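Trainee: Attaching a single structure in structure tokens format; questions to follow.
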Amino acid sequence: MKSFAFLLHLLCVDLHATLALPKWCPHPCFCSKGTIDCSSRSLTAETLPAGFPVNALELRLNDNKLTSVPSGLFDRLGKLRAVSLDGNPWSCDCEILYLRAWLMKQENRTLYKTVACNSPDSLKGRLVMYLAEDEVQSTCQYRYCNVALVSQVILFVLIAVQAAMLLLVILFLRRFEKISSEAKSTEREALHGESSNILYAQIKERASRR
């Protein structure tokens, strides 16, 4: 009976470990018993996996090149206990708002006291979770201004290119009109010359008959 109970215990432990394991492991991370280790893999916001197993207990994203994380990345991870985020060059602009909100909702904030801004210079060294929303939104305004400026420059370049093309078309048409006019004038002169030669030949022939 004791042997059966011991075997049953082992089976339960085995089952628990199996359930703790993720059904799939995102590349290039390493997964083991509920821990998703994506640390020290030079991940950026663009190369970061789009999702993680929903039964993940711990997520290690430390020591990468992350400047932000996609909005909603952690929302589906209901069993998540901790995320390692230190050692990343966080850019505290519009893209950091989701991470800031997620950090503020965590009960154990002491785990995230090393998650600090690397840029812009005005916020460098500040803890992400303690940023005021106004500070982040001010960087958004500069970003939108830069985008607007770039858009205006591109629009100006496009208008200039279109104007140059229109000018080339006008010059081509004028040149074509001039060439056509010269060709018609040459044709008229040739016809006139030919008529003069014929008339001269006729006069000469009549004179010779006399």
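The values are calculated or read from the model by the stated rules, or taken from the named source; none is laboratory data. Since the model is a prediction, treat every value here as computed from it, not as a measurement. Cβ atoms come from the backbone with ideal geometry, glycine included; neighbour counts cover every protein chain shown. Ligands, DNA and RNA are excluded from the accessible area calculation, which covers all protein heavy atoms including side chains. Shrake-Rupley method; radii C 1.70, N 1.55, O 1.52, S 1.80 Å.
Trainee: How many residues, within region 66-110, are among the small types (Gly, Ala, Ser), within 18 Å of the chain's Cα centre (by Cα) and under 18 Å from residue 127 (Cβ atoms)?
Mentor: 2
Trainee: Conditions: (1) open to solvent by 40 Å² or more (accessible area, probe 1.4 Å); (2) part of a strand (DSSP E or B). Residue 117 meets all but one. Number of the miss?
Mentor: All conditions pass for residue 117, except number (1).
Trainee: Now a separate question. Tell me, which strands (runs of 3 or more DSSP E) wholly within region 1-112 include 2 or more residues that are open to solvent by less than 30 Å² (accessible area, probe 1.4 Å) and modelled with pLDDT under 95?
Mentor: Of the strands (runs of 3 or more DSSP E) lying wholly inside region 1-112, none has at least 2 residues that are open to solvent by less than 30 Å² (accessible area, probe 1.4 Å) and modelled with pLDDT under 95.
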